[in-house]
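Worksheet for the structure shown next.
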Amino acid sequence: MNTPSPIEAAEAEAVTLTSELIRIDTTNTGDPETVTGERAAAEYVAERLTEVGYEITYVESGGRDRHNVIARLPGSDPGRGALLVHGHLDVVPADASEWSVHPFSGAVQDGYVWGRGAVDMKDMVGMTLALARHYKRHGIVPPRDIVFAFLADEEAGGKYGAQWLVDNRPELFEGVTEAISEVGGFSITLRDNVRAYLIETAEKGIRWMKLRVRGTAGHGSMIHRDNAVTKLAEAVATLGNHRFPLVLTDSVREFLAGVTDITGWDFPEDDLDGAVAKLGNISRMIGATLRDTANPTMLTAGYKSNVIPSTAEAAVDCRILPGRLEAFDRELDELLGPDIEREWMELPPVETTFDGALVDAMTAAVVAEDPGARTLPYMLSGGTDAKAFQKLGIRNFGFAPLRLPADLDFSALFHGVDERVPVEALRFGTRVLDRFFRSC
């Protein structure tokens, strides 16, 4: 019987750790009254790190069961800037009745690890935790310090996670110059089995906005000219149906140019939406980086069917391109007018360039495991904890490498039903990250 190599053992452990982490319910509703919290997952991570010899910093950041774990692995050159590898432990809610398997089963079946968090982002947590343990077990010293951070509350903006740590414990990230995290490094198959691995170099800004309309309360049987529900419904429909202007950022231009180089496809600006549709499943994510978006998500009004309420509220998820904030606000003013009250929580966009030694190391690690592959920069339509870490002057990338089946609708798995990650993709990603950490 052949004994697995050390890296093969780390690959297998990454699968096991991902499955076990999924089994720990860390649902983040965004509501302090109903949030599950990350305590159990943080304790699990802390135990796995301390049992192989790490000294950890365990941070309770306020709120009920909101915990973070940070550990530093010293590198051979302390004069170099450190690398931050961060992952969040929380997940969005899941309705078990909609799933093929229970969302917190962590089932390993049909070649996949199933469950809420499988791609967002307990897969990356599992891979990095497996490698952190692998390096301690085997006395492996990377070329630079690596700071591993396992964080709370990313799914609600990081108030009890990255944002809190940056504001209150910045010394934990002393010397860090660059960072990697989620939603990058995954493959898309473009032509003749040619895969491109998308590395996130930018992400849109977030504005979670509440609209509020006030009217005159009254009996539902009478005529009312000042109905808050009616006015809100009209405003929400106007905003939800509005199409913001096309804006091509540098990162999107570079991505499209790379796809053209691989495939020969054209992306004319007079039909860019139609051209992007050729990208298949990934077109939803790329298409959302061509313009700002404002999607209504929740409506709240009234308490009885025959009572006209005096107020009505709506939640709107706004995602804003880098450099577009002032123009976005002007469009909102024109669309909504002065009578719609607005309040919001806002997180800034993130953007860096696709160059430098770190990018070269990412590309080399991917190509070593998938010869002939290409790496391309892209903009994420969502957001990550990079929004917090850029306040410390850290350069941020999304690099959680996965080699995916060509027919897998990967983008639909984020916050979706039957979230899952291929077992072989986890093993591949562990090998790529190992090469990257040893060379970056």
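Residue 228 passes all but one of (1) closer than 20 Å to residue 288 by Cα; (2) surrounded by 20 or more Cβ atoms within 10 Å (Cβ to Cβ); (3) in the same structural domain as residue 338 (by TED's automatic domain parsing); which number fails?
(1)
Quick check: is even one residue across region 325-336 closer than 30 Å to residue 407 by Cβ, under 28 Å from the mean Cα position of the chain (by Cα) and not hydrophobic (A, V, I, L, M, F, W, C)? It would help to see each step written out before you state the result.
Restricting attention to region 325-336, the residues satisfying the condition of being closer than 30 Å to residue 407 by Cβ are none.
The answer is no; no qualifying residue exists.
Pick from region 234-277 the residues that are small (Gly, Ala, Ser), free of Cβ contacts under 8 Å to residues at least 24 places away in the same chain and out of contact with any helix residue (DSSP H, G or I) (no Cβ under 6 Å at 6 or more places or on another chain): which of them is nearest to residue 212 (Cα to Cα)?
Step one: filter region 234-277 for residues small (Gly, Ala, Ser), giving 235, 237, 240, 251, 257-258, 264, 274-275, 277.
Pick out the ones that are also free of Cβ contacts under 8 Å to residues at least 24 places away in the same chain and you get 237, 257, 264, 274-275, 277.
Within this subset, residues satisfying the condition of being out of contact with any helix residue (DSSP H, G or I) (no Cβ under 6 Å at 6 or more places or on another chain) are 237, 257, 264, 274-275.
Working: 237: 14, 257: 43, 264: 48, 274: 36, 275: 38 Å.
Selected residue: 237.
Of these, 13, 51, 47, 43, which one is modelled with pLDDT of 95 or more, closer than 22 Å to residue 168 by Cα, charged (D, E, K, R) and in the same structural domain as residue 154 (by TED's automatic domain parsing)?
Numbers: 13 fails: closer than 22 Å to residue 168 by Cα; 51 fails: closer than 22 Å to residue 168 by Cα; 47 fails: closer than 22 Å to residue 168 by Cα.
The unique qualifying residue is 43.
Evaluate the following for residue 96: is it more than 17 Å from residue 142 (Cα to Cα), among the small types (Gly, Ala, Ser) and surrounded by fewer than 16 Cβ atoms within 10 Å (Cβ to Cβ)? Give the derivation first.
Numbers: more than 17 Å from residue 142 (Cα to Cα): yes; among the small types (Gly, Ala, Ser): yes; surrounded by fewer than 16 Cβ atoms within 10 Å (Cβ to Cβ): yes.
Here the answer is yes, as residue 96 does meet what is asked.
So residue 321 passes all but one of these: (1) farther than 25 Å from residue 375 by Cβ; (2) surrounded by 15 or more Cβ atoms within 10 Å (Cβ to Cβ); (3) at pLDDT 95 or above. Which condition number does it fail?
(1)
Residue-by-condition table, conditions (1) closer than 19 Å to residue 131 by Cβ; (2) out of contact with any Gly (no Cβ under 9 Å at 6 or more places or on another chain):
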residue	(1), (2)
32	no, no
46	yes, yes
51	yes, yes
62	no, yes
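Applying the selection to region 316-347, what residues are touching a helix residue (DSSP H, G or I) at 6+ places or on another chain (Cβ under 9 Å), outside any strand (DSSP E or B) and closer than 19 Å to residue 232 by Cα?
332, 335, 336, 337, 339, 340
Within the bounds of region 381-389, is there any residue that is farther than 16 Å from residue 321 by Cβ, touching a strand residue (DSSP E or B) at 6+ places or on another chain (Cβ under 8 Å), surrounded by fewer than 23 Cβ atoms within 10 Å (Cβ to Cβ) and in the same structural domain as residue 180 (by TED's automatic domain parsing)?
So far as region 381-389 goes, no, none of its residues is farther than 16 Å from residue 321 by Cβ, touching a strand residue (DSSP E or B) at 6+ places or on another chain (Cβ under 8 Å), surrounded by fewer than 23 Cβ atoms within 10 Å (Cβ to Cβ) and in the same structural domain as residue 180 (by TED's automatic domain parsing).
Which residue, of 130, 162, is among the small types (Gly, Ala, Ser), surrounded by 24 or more Cβ atoms within 10 Å (Cβ to Cβ) and under 18 Å from residue 431 (Cβ atoms)?
Only one candidate passes the filter, namely 130.
Would a scan of region 193-212 turn up a residue that is over 27 Å from the mean Cα position of the chain (by Cα) and of a type outside the set (Gly, Ala, Ser)?
Just the residues of region 193-212 that are over 27 Å from the mean Cα position of the chain (by Cα), to begin with: 212.
Next, only the ones that are of a type outside the set (Gly, Ala, Ser) stay: 212.
Yes, because at least one residue in region 193-212 is over 27 Å from the mean Cα position of the chain (by Cα) and of a type outside the set (Gly, Ala, Ser).
Having 3 or more residues that are closer than 30 Å to residue 31 by Cβ and in contact with a strand residue (DSSP E or B) (Cβ under 9 Å, 6 or more places away or on another chain) is the bar; report the strands (runs of 3 or more DSSP E) wholly within region 73-192 that clear it. Steps first, please.
Working: elements: 82-88, 112-114, 146-151, 176-181, 186-191.
Per the criteria, 82-88, 146-151.
Looking at (1) part of a loop (DSSP other than H, G, I, E, B); (2) among the polar types (S, T, N, Q); (3) closer than 28 Å to residue 168 by Cα, which is the only condition residue 68 fails?
Going through the list (1) part of a loop (DSSP other than H, G, I, E, B); (2) among the polar types (S, T, N, Q); (3) closer than 28 Å to residue 168 by Cα, residue 68 breaks only (1).
When you check residue 85 against the structure, is it in contact (Cβ under 8 Å) with a residue 40 or more places away in the chain, crowded, with 23+ Cβ neighbours inside 10 Å and more than 22 Å from residue 435 (Cα to Cα), yes or no? Talk me through it step by step, then tell me what you get.
Working: in contact (Cβ under 8 Å) with a residue 40 or more places away in the chain: yes; crowded, with 23+ Cβ neighbours inside 10 Å: yes; more than 22 Å from residue 435 (Cα to Cα): no.
In short, no.
Counting only residues that are within 30 Å of residue 222 (Cβ to Cβ) and surrounded by fewer than 16 Cβ atoms within 10 Å (Cβ to Cβ), how many does region 294-309 have?
So in region 294-309, the residues within 30 Å of residue 222 (Cβ to Cβ) come out as 296, 298-309.
This time we only want the ones that are surrounded by fewer than 16 Cβ atoms within 10 Å (Cβ to Cβ), so: 298-300, 303-307.
Result for region 294-309: 8.
When region 215-243 is examined, which residues are found to be in a loop (DSSP other than H, G, I, E, B) and farther than 20 Å from residue 331 by Cβ? First the steps, then the outcome.
Step one: list which residues in region 215-243 are in a loop (DSSP other than H, G, I, E, B), which gives 215-217, 220-227, 242-243.
Answer for region 215-243, where residues must be in a loop (DSSP other than H, G, I, E, B) and farther than 20 Å from residue 331 by Cβ: 215, 216, 217, 220, 221, 222, 223, 224, 225, 226, 227.
The values are calculated or read from the model by the stated rules, or taken from the named source; none is laboratory data. Quick caveat, the model's predicted, so the values are computed rather than measured. Cβ coordinates were reconstructed from backbone atoms using ideal geometry, including for glycine residues, and neighbour counts include every protein chain displayed.
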